[in-house]
Amino acid sequence: MDTAAVHDDRAGALPAPGQPVIEVRGLWSVFPVPGGGEVVVHKDLDLTVLRGEVLTLVGGSGTGKTVLLRQMLGLNTPAKGSVTVLGRPVAELSRDGAAARVGMLFQQGALFSAFSVLDNIAFPLREAGAVPDALAREAAMLKLRMVGLKPGDAHKMPAELSGGMIKRVALARALVMDPPLLMLDEPTAGLDPDSSDAFVTLLRSLHQELGLTVVMVTHDLDTLFELSSRVAVLAEQRVIIAAPVREVLAFDHPFIRHFFLGERGQRAMELLHQRKQTA
Ligand SMILES: Nc1ncnc2c1ncn2[C@@H]1O[C@H](COP(=O)(O)OP(=O)(O)O)[C@@H](O)[C@H]1O
Ligand SMILES: [Mg+2]
């Protein structure tokens with residue numbers, strides 16, 4: 001089966017658990033400003049993502065979280081610096097079809113509105129042209145079940161789906177080529193609390209079962225506390241700290257105080273303390 005070859009190749013390129021899978025070094029992201037000048041979004045930014053972890057990226061609005069994910073997917077080009085994914089420059093990886101290596105759940109979950117659920121999920125496989133169509137459908141059905149949807153949902157159109165279902169379909173599509181890396185941009189934004197909790201539970205079990213390495217952007221503290229192995233804080237155009245959440249909480253910085261210790265942070269903090277006591 002063709003997918004077996006993909007598996008072998010992928011496994012060969014994976015470092016041992018806890019070793020770096022993504023290395024961002026001295027990254028500058030610069031955009032021209034309409035009317036002249038430029039905006040420096042990242043300046044000499046370093047970040048390492050370790051195999052098997054859930055690294056959560058936080059930062060104020062417009063600090064370049066999405067741009068950083070795009071840099072790690074090879075969709076943006078650094079003005080300076082380097083991005084290495086699975087030991088190779090990311091530009092090389094994206095030329096060879098990044099979908100087999102890195103699954104991406106975009107913030108605007110964007111499904112193709114004219115495609116059924118099944119065709120949306122199968123899309124990356126069909127686009128890669130790597131497998132016969134029957135196998136692509138089979139793989140898509142498998143992923144559909146994996147994200148908690150029913151076989152009967154396969155022929156629904158995106159307009160018929162709830163917000164939570166759209167996220168699940170987008171997740172199934174991101175995982176259809178069995179990538180070892182998954183990137184999530186605000187995965188629970190816009191979901192009601194129950195759908196959000198259910199989606200976090202799904203992400204936690206998939207992370208464990210599939211041994212995925214996950215890079216996630218979120219400003220939802222429940223999601224952050226539930227899933228993060230480490231938290232990376234984006235401020236002053238770079239990552240000011242990347243560490244387990246307790247260390248991040250002890251790091252003195254205005255953004256961290258505001259983000260975690262502001263009013264909305266209190267509930268999540270209390271939960272963390274409860275868990276610490278029962279652990
Ligand atoms: N393609 C682009 N052209 C110009 N500016 C951009 C582009 N992409 C992002 N930016 C700018 O980079 C900054 C960071 O954007 P983004 O990464 O989307 O922030 P966020 O942290 O909210 O995800 C913003 O000021 C945005 O306007
Ligand atoms: Mg963003």
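Here the chain is assigned +1 on the Cβ of each Lys and Arg and -1 on the Cβ of each Asp and Glu. Its dipole about the Cα centre then comes out at about 200 debye. If you restrict to DSSP beta bridges whose two residues both lie in the chain, what percentage is antiparallel, to the nearest 5? The antiparallel proportion sits near 55 percent.
For Ala16 and Arg257, FRET efficiency with R0 = 51 Å and r from the beta-carbon atoms, rounded to 0.05? Working from the Cβ atoms, E equals 0.90. Taking 0.36 nm per residue of separation and subtracting the Cα-Cα distance, full extension of the segment from Glu92 to Leu142 would add 15.1 nm. Considering only Ala232, Ala122, Ala79, the Gaussian network model of the chain with Cα springs below 10 Å gives its largest mean-square fluctuation to Ala79. Give, as ranges by residue number, the residues of segment 44-62 whose backbone N falls under 17 Å from the point 7 Å along Cα→Cβ of Ala110. Taking a point 7 Å out along Cα→Cβ of Ala110, no residue of segment 44-62 has its backbone N under 17 Å. Annotation: lysines with alpha-carbon distance below 18 angstrom to Lys80 (same-chain offsets under eight excluded): Lys43, Lys65. Subtracting the Cα-Cα distance of Gln274 and Thr201 from their residue separation scaled by 0.36 nm leaves 24.4 nm. When the chain is treated as a GNM with alpha-carbon contacts under 10 Å, the residue of Gly35, Gly164, Gly152 showing the greatest mean-square fluctuation is Gly35.
Grab the other residues whose beta carbon is less than 11 angstrom from that of Leu68, score K and R as +1, D and E as -1, and report the net. So the environment of Leu68 carries a net charge of +2.
P(r) for segment 4-154, from all Cα pairs and a bin width of 5 Å, is 2, 8, 14, 17, 17, 16, 13, 8, 4, 1, 0 %, short bins first. Taking the chain as a Gaussian network, Cα atoms linked when under 10 Å apart, which of Pro254, Pro193, Pro124 shows the biggest mean-square fluctuation? Maximum fluctuation in the GNM of the chain, among the listed residues, is at Pro254. Label-to-label distance, Gln208 versus Leu135, with points set 7 angstrom from Cα along the beta-carbon direction: 3.2 nm. Towards the positive end of the charge dipole of the chain, with charges on Cβ (+1 Lys, Arg; -1 Asp, Glu), say which of Leu75, Thr48, Val214 has the farthest Cα. Toward the positive end, the furthest listed residue is Thr48. Computed from Cα atoms alone, the Kirkwood hydrodynamic radius reported for the chain is 19.6 Å.
Rule-based calculations on the coordinates, nothing more; no lab input. Keep in mind that what you see is a predicted model, and the values were worked out from it rather than measured. Backbone-built Cβ (ideal geometry, glycine too); neighbour counts: all protein chains shown.
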